[in-house]
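Asks: The following block contains the structure, expressed as structure tokens.
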Amino acid sequence: MVKIPACPLPEWAHHDAVWSAWPSHGHLWQEDLEPARDEVAALFRAIADVDATGTPRGEKLMILAHGQEARSSAEVALAGLGATIIDTPFGDIWLRDTGPIFTAVDGALHGIGFRFNGWGGKYELPGDDDLASRVAGFAAVPFIANDWILEGGAIDGDGTGTILTTKQCLLNPNRNPDLSQAEIEAKLAADLGLTEVIWLGDGLLNDHTDGHVDNLARFVAEGVVAVPEAAGPDDPNAAIYEAARQSLEAAGLDVRTIPSPGLLEVDGEAIPASYMNFLITNKAVIVPIYGQPNDDAAVAAIQALFPGR
């Protein structure tokens with residue numbers, strides 16, 4: 001008899017720990033290695049929420065760091081946070097995409113894993129494709145492998161069996177070219193216990209993930225979803241935001257809008273800046289900001305959606 005997992009809990013459900021990774025590869029980060037480490041350390045400090053006595057009040061940190069130099073730098077930077085640092089090979093630091101999805105199977109916690117191909121072959125790095133199974137092993141939970149490509153950031157759910165995703169990503173021929181939309185829906189049901197898939201169209205312009213939904217629309221409560229609103233006439237994603245809003249409302253969801261960062265360019269090219277790629281922890285919601293005029297308004301709007309955090 002095939003065991004069907006319960007649908008994953010929403011991100012606002014209680015966490016025992018947060019799994020993440022430390023920037024470890026100088027040849028990948030180059031001159032950005034130390035600035036990246038500073039930003040990631042600040043993120044981990046926010047998650048740990050250390051009080052005035054030096055006691056972490058937030059979530060337990062489980063941090064991957066590959067190689068002696070990276071492990072040593074993580075130990076120094078994260079001292080006092082109570083982090084567990086694990087030396088294991090990996091390529092990129094985005095464990096939301098490469099790590100397992102933790103969910104229950106017959107009432108017991110399992111790690112559910114999928115293949116990873118570097119976001120459609122763009123960034124295929126050693127150690128990423130089998131990372132989900134190793135993380136499940138470090139967490140001491142059984143692991144179930146699935147032989148098709150799915151990144152965690154490509155889907156977002158509210159714990160009821162309903163998820164959001166984009167056609168640009170899940171139906172992209174650089175992921176699972178032999179699977180139809182109906183076949184992907186069937187696999188999501190069989191492998192993750194999901195019962196309804198709400199398909200949006202495109203994700204953000206120039207997003208190397210091919211439109212991950214975690215940059216576009218996020219559930220913030222059961223049946224309630226947040227989506228950006230264009231910052232002005234030069235917002236490169238104005239039409240994408242509006243199409244997403246219409247699709248979400250047509251699906252019967254309660255839609256709340258969040259200010260967009262608007263146009264943000266690097267070397268003359270619009271980058272996929274988004275406040276939607278926030279992290280919900282047990283005590284806080286951690287929001288990326290960009291030095292843009294809408295930063296404060298976006299944080300305030302997200303705060304209003306999570307008054308208990």
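The values are calculated or read from the model by the stated rules, or taken from the named source; none is laboratory data. On a predicted model such as this, the values are computed, not experimentally measured, just so you know. A quick note on method: Cβ atoms are made from the backbone with ideal geometry, for glycine too, and the neighbour counts reach across all protein chains shown. Side chains are part of the model used for accessible areas, which takes the heavy atoms of the whole protein and leaves out ligands, DNA and RNA. Shrake-Rupley method; radii C 1.70, N 1.55, O 1.52, S 1.80 Å.
Asks: Amide H to amide H under 5 Å from GLY262: which residues, 5+ apart in sequence or cross-chain, H placed 1.01 Å off N in plane?
Replies: Here the answer is ALA231, since their amide H atoms fall under 5 Å of that of GLY262.
Asks: How big is the accessible area of LYS187 in square angstrom, nearest 10, if you roll a 1.4 angstrom probe over the protein chains?
Replies: Accessible surface of LYS187 is approximately 70 Å².
Asks: What FRET efficiency comes out for SER72 versus HIS208 if R0 is 41 angstrom and r is the Cβ-Cβ distance? Round to the nearest 0.05.
Replies: Numbers: r = 30 Å, r/R0 = 0.74.
My answer for the efficiency is 0.85.
Asks: Something else now. To the nearest 10 square angstrom, what accessible area does PHE102 show with a 1.4 Å probe?
Replies: Its heavy atoms expose roughly 70 Å² to the probe.
Asks: Show me, for the stretch 166-177, the HN-Hα J-couplings you get by feeding each phi into the Karplus relation (A = 6.51, B = -1.76, C = 1.60, θ = phi - 60°), rounded to Hz, glycine and proline as x.
Replies: 10, 5, 4, 8, 5, 9, 5, x, 7, 10, 10, x
Asks: Once you have a ≥ b ≥ c as the square roots of the Cα gyration tensor eigenvalues for the stretch 265-309, tell me rounded if a/c is under 1.5, and otherwise prolate or oblate according to whether a/b is larger than b/c. Can you show the working numbers first?
Replies: Numbers: a/c = 3.66, a/b = 2.16, b/c = 1.69.
Here the stretch 265-309 falls in the prolate category.
Asks: Same structure, new question: List the residues, sorted by chain then number, that are 5 or more residues from LEU200 or on another chain and whose placed amide H is less than 5 Å from its amide H.
Replies: Those qualifying (amide H under 5 Å, at least 5 residues apart or on another chain) are THR165, THR166, LYS167.
Asks: Let me ask something additional. Let me check against my output: what whole-number percent is the relative contact order of the chain, with C-alpha pairs under 8 Å and at least 6 apart?
Replies: Working: 599 pairs, mean separation 47.2, N = 309.
Taking the mean separation of contacting Cα pairs over the length of the chain, I get 15 percent.
Asks: With each pseudo-label sitting 7 Å past Cα toward Cβ, what's the ASN117-LEU28 distance in nm, one decimal?
Replies: Here the modelled spin labels are 1.9 nm apart.
Asks: With both bridge residues required to lie in the chain, what share of the DSSP beta bridges run antiparallel, to the nearest 5%?
Replies: Around 40 percent antiparallel, to the nearest 5.
Asks: Do you know the Lys pair count in the chain for C-alpha distances under 30 Å, with sequence separation 8 or more or different chains? Write out the running numbers ahead of the final one.
Replies: Working: LYS3/LYS60; LYS3/LYS167; LYS3/LYS187; LYS60/LYS283; LYS122/LYS167; LYS122/LYS187; LYS167/LYS187.
Lysine pairs satisfying the spacing and distance rule in the chain number 7.
Asks: Label the chain by shape, choosing from rounded, prolate and oblate, from the square roots a ≥ b ≥ c of the eigenvalues of the Cα gyration tensor; if a/c is under 1.5 it is rounded, and otherwise prolate applies when a/b is larger than b/c, oblate when it is not.
Replies: Details: a/c = 1.34, a/b = 1.09, b/c = 1.23.
Rounded, since a/c falls under 1.5.
Asks: Mind listing the phi-derived Karplus ³J(HN,Hα) values for the stretch 232-244, rounded to whole Hz, using 6.51, -1.76 and 1.60 with θ = phi - 60°, and x for any glycine or proline?
Replies: 3J(HN,Hα) across the stretch 232-244, in whole Hz: x, x, 9, 5, x, 10, 4, 5, 5, 4, 5, 5, 5.
Asks: When a/c is below 1.5 the answer is rounded, else prolate if a/b is larger than b/c, else oblate, so apply that to the stretch 67-160 with a ≥ b ≥ c taken from the square roots of the Cα gyration tensor eigenvalues. Intermediate values should be presented prior to the final figure.
Replies: On the way: a/c = 1.93, a/b = 1.31, b/c = 1.47.
In terms of gyration-tensor shape, oblate.
Asks: Can you pull the one-decimal nm distance between simple spin-label points at ASP234 and GLU183, each 7 Å off the Cα toward Cβ?
Replies: Distance between the two pseudo-spin positions: 4.5 nm.
Asks: Using alpha carbons only, how many angstrom separate the centre of the stretch 18-96 from the centre of the stretch 225-289?
Replies: 27
Asks: Under a 1.4 angstrom probe, counting protein chains only, how are ARG37, ARG96 ranked by accessible area, largest first? Before the final figure, lay out each step's value.
Replies: Details: ARG37 5, ARG96 85 Å².
So the residues, ranked largest to smallest area, are ARG96, ARG37.
Asks: Shifting gears a bit: Check LEU64: other-chain or 5+ apart residues with amide H under 5 Å from its amide H, H built from backbone geometry?
Replies: It is SER20, ALA21, TRP22, ILE86, by chain and number.
Asks: To the nearest 10 Å², what's LEU305's accessible area with a 1.4 Å probe?
Replies: 40
Asks: Step through the residues of the stretch 136-142 one at a time and calculate ³J(HN,Hα) from phi using the Karplus curve (6.51 cos²θ - 1.76 cosθ + 1.60, θ = phi - 60°), rounding each to whole Hz and writing x for Gly and Pro.
Replies: Result, ordered by residue: 4, x, 4, 7, 6, 10, x Hz.
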